[in-house]
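Report on one structure; see the data block that follows.
The values are calculated or read from the model by the stated rules, or taken from the named source; none is laboratory data. Since the model is a prediction, treat every value here as computed from it, not as a measurement. Glycine also receives a Cβ, built like all others from the backbone with ideal geometry; neighbour counts cover every protein chain displayed.
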Amino acid sequence: MHLMNTKHVTVTLLSALLLGQRYEKPSVVKGRTDVITVTPWLAPVIWEGTFNPALLDSIYKPQNVSIAATVFSVGKYTKFLKDFLETAEQHFFVGFNVRMYVFTDRPEEVPQVKMAAGRELIVRLVPSSNRWQEISARRMEIIQKLIEEELVDQIDYIFCLDVDSLFHARWGTESLGELVAVIHPGYFKSERRGLDYERRPASRACMAADEGDFYYCGGAFGGAVKDVHLLAKTCRENFEADAKENIEAIWQEESHLNRYMWLNKPSKLLSPEYLWQDMVPREPEIRVVRFSGIIKNYQDIRPNFSE
Ligand code: UD2
């Protein structure tokens, strides 16, 4: 962390000062009116048109923030890595210190991707599994350990991302916050009863009919490393306690994450621009797709398709 040289910091501070004089004055009456930009607990919701990227970067640059990202690529999912990593280089925190962690059981299949200065690709071996549900859910345990063993006190923020996805446009400093959740593209206009939470009281992920703010993605979440550590640890413990009682939440760790975010409100929400799904038709509120899940043939890539 804080690796930038003095010349870089000076240039950055100068550009921040210049920018301070140049950008358009914010209006108190103009802005997005087709979507909410703040939640009832006063967390901002980030959409295109709600922020000035250059201004935000000029605020964060002098702080020399560092960002880790985790991506799991187990079994046949290694085939998604090249496009994921190459597009991350084009759009994900460009110009900032980034550590990209790839967790895989097939390190020999990790492509060589040229990383820009200040950005590092780190490959870690994880066991394979013949259940996709386990691969997906076990991410919480690995993220918890990663933070404990090497990120805490070294890295400021972390984002945990699905690999079968591509970046198409900027994902940057506007997304930084203590606890950050992405509103799921499949449910962003749904009523409570339409949100696909775990509903069985036997599970620790259970949400009652009168609970829930939004349905959040398991495929992208993040925040300050300490906050994400608590989230990962809690979801892992609840998932494991459920498993001991032979219950697995409907959407594994995503269901537990949703329960966690209900009890511990995210401090920043990212609109579905930050994890769209290519198979979902675009909605008028989505002016930019920044990151999206590609259409995949589950039968070809999952170790256990039929379950
Ligand atoms: C959703 C969520 C996902 C997870 C899952 C429920 C989104 C966009 N995706 O996606 O995050 O919550 O539901 O468990 O919110 N993986 C492998 N190898 C495998 C299987 C999975 O590496 O054999 C990893 C990989 O990083 C993948 C992720 O786990 O992106 C999630 O698995 P998925 O994409 O198959 O799950 P999906 O599409 O149901």
Right, GLU285: within 17 Å of PRO44 (Cβ to Cβ) and more than 19 Å from the chain's Cα centre (by Cα) or not? yes
Filter result (part of a helix (DSSP H, G or I) and either free of Cβ contacts under 8 Å to residues at least 12 places away in the same chain or within 16 Å of the ligand (Cβ to nearest atom) (or both)) within the stretch 209-229: VAL228
Selection from the stretch 149-166 of residues among the acidic types (Asp, Glu) and part of a loop (DSSP other than H, G, I, E, B) yields ASP153, ASP156, ASP162, ASP164
Scanning for something modelled with pLDDT of 95 or more, among the aromatic types (Phe, Trp, Tyr) and not in a helix (DSSP H, G or I), does the stretch 59-81 turn up at least one residue? yes
Return the total of residues in the stretch 96-111 being under 23 Å from SER66 (Cβ atoms) and not β-branched (Val, Ile, Thr). 6
From the list ILE142, ILE158, which one is at pLDDT 95 or above, β-branched (Val, Ile, Thr) and farther than 30 Å from ASP300 by Cβ? ILE158
Restricting attention to the stretch 249-307, which residues are part of a loop (DSSP other than H, G, I, E, B), among the hydroxyl-bearing types (Ser, Thr, Tyr) and surrounded by 14 or more Cβ atoms within 10 Å (Cβ to Cβ)? SER267, SER271
Taking the stretch 19-58 and keeping residues touching a residue at least 60 places away in the same chain (Cβ under 8 Å) and among the charged types (D, E, K, R) leaves ASP34, GLU48, ASP57
Can you confirm whether GLU120 is without any contact (Cβ under 8 Å) to a residue 24 or more places away in the chain, more than 16 Å from the ligand (Cβ to nearest atom) and out of contact with any Leu (no Cβ under 6 Å at 6 or more places or on another chain)? yes
Tell me, which residue of the stretch 188-198 that is outside any helix (DSSP H, G or I) and more than 22 Å from GLU248 (Cβ to Cβ) is farthest from the chain's Cα centre (by Cα)? GLU191
Has the stretch 114-123 got any residue that is within 16 Å of the chain's Cα centre (by Cα) and either surrounded by fewer than 17 Cβ atoms within 10 Å (Cβ to Cβ) or over 30 Å from GLU285 (Cα atoms) (or both)? no
It is to be established whether one or more residues within the stretch 167-187 are assigned to a loop (DSSP other than H, G, I, E, B), within 16 Å of the ligand (Cβ to nearest atom) and surrounded by 20 or more Cβ atoms within 10 Å (Cβ to Cβ). yes
Does GLU237 satisfy the criteria of being outside any strand (DSSP E or B), within 16 Å of the ligand (Cβ to nearest atom) and more than 20 Å from the chain's Cα centre (by Cα)? no
